[in-house]
1. Exactly one condition in (1) in a loop (DSSP other than H, G, I, E, B); (2) on the phi < 0 side of the Ramachandran plot; (3) without any contact (Cβ under 8 Å) to a residue 24 or more places away in the chain is false for residue 266; which is it?
2. What pairs come out if I take residues in segment 22-36 that are closer than 10 Å to residue 8 by Cα and pair them with residues that are modelled with pLDDT under 95 whose C-beta lies under 8 Å away, six or more apart or interchain?
3. Find the residue count for segment 214-249, including only residues that are under 19 Å from residue 155 (Cβ atoms), of a type outside the set (Lys, Arg) and out of contact with any helix residue (DSSP H, G or I) (no Cβ under 8 Å at 6 or more places or on another chain).
4. State which residue pairs qualify: first residue without any contact (Cβ under 8 Å) to a residue 60 or more places away in the chain and inside segment 160-184, second residue within 16 Å of ligand 1 (Cβ to nearest atom) and assigned to a helix (DSSP H, G or I) in any location, beta carbons under 7 Å apart, and separation of 6 or more residues or different chains.
5. So for segment 197-215 (the condition being within 16 Å of ligand 3 (Cβ to nearest atom) and not hydrophobic (A, V, I, L, M, F, W, C)), does at least one residue qualify?
6. Can you tell me which residue is surrounded by the most Cβ atoms within 10 Å (Cβ to Cβ) among those in segment 59-75 that are more than 21 Å from residue 128 (Cβ to Cβ) and of a type in the set (Val, Ile, Thr)?
7. Consider segment 1-36. How many of its residues are within 15 Å of the chain's Cα centre (by Cα) and among the polar types (S, T, N, Q)?
8. So how many residues does segment 1-52 have that are buried (at least 16 other Cβ atoms within 10 Å of the Cβ), part of a loop (DSSP other than H, G, I, E, B) and polar (S, T, N, Q)?
Amino acid sequence: MLFIGSHVGYKKEKGLLGSVEEALSYGENTFMFYTGAPQNTVRSAIDEQKVEEAFSLMKEKEIASDKVIVHAPYIINLANGEEEKFAFSCRFLKEELKRVSLCHMKYLVLHPGSHVGQGSSVGIQNIIRGLNDILDQDNSSVKILLETMAGKGSEVGSSFEELKQIIDGIHKKERLGVCFDTCHLHDAGYDLTHFDTLLEEFDQVIGLSYLECVHVNDSKNIRGSHKDRHENIGFGQIGFDTLLKIIYHKKLEQIPKILETPYVDRLYPPYFYEIQMIKEKKFDSKLIEKIKNG
Ligand code: FE
Ligand code: FE
Ligand code: ZN
């Protein structure tokens, strides 16, 4: 069975129930949300009543609630050791873990962070210090999934080896996992056309059991560009066939596939159409026009 969804909104008024409704409108059986806006850390209290309603709706409509992903905001940066910023990131992440628990969710995707000129080994040490500080005091079972990054600017975590170094330093390893992002892997230089080889490499360096989520995005740029600009499925440099092989890979069957592809003309969400195309397993070169014309 394929578990597929996309990034959906989360708004104060309807809370998690609104996110579930949006996912359903795209024909998804799982999804990913931020507990507020992705770009900022303004967060309102979780409406637990809405969480209950969301869970009954998920049960009724057969959404795999145990595979729903929460994404931490981008501006959390545990790699930056500058005291005030580091303390802010740690504090926010602690609170975010509580929100994830209140939503009865199991996974929080986190960008490892950017070392902002201090060098990746210092960045990695900061990430380890922050994660241990947070996890040592947190007794929930929420897993933090470190996302594979494109290597834009001073991003840490664009190689399996760097992620492995982070994991090695964490006391509660059972609280960690990895989230692949196909655009980021490609932009970091990994060859997705030989995906079995890539999976083998991941298994050797980190271990396949750590892989818990895949962000499925095409890329606007060539392999190794370190740009991180997502493209609609089949319209970028990775291409439909390669993405389809990843989506339907036997070893990833139980893992949720989440689209974070761009809105068309910044206005029209593409997910209903992209998911339909993925289910039909046939590339539609007219898809963008279709999305625009609703
Ligand atoms: Fe991400
Ligand atoms: Fe991603
Ligand atoms: Zn990205």
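The values are calculated or read from the model by the stated rules, or taken from the named source; none is laboratory data. Quantities reported herein were computed from a predicted structural model and do not represent experimental measurements. No Cβ is skipped: glycine too gets one built from the backbone with ideal geometry, and neighbour counts run over all protein chains shown.
1. Unmet condition: (2).
2. 34/73
3. 1
4. 166/127; 178/163
5. Yes, because at least one residue in segment 197-215 is within 16 Å of ligand 3 (Cβ to nearest atom) and not hydrophobic (A, V, I, L, M, F, W, C).
6. 68
7. The number of residues fulfilling the criteria is 3.
8. 4
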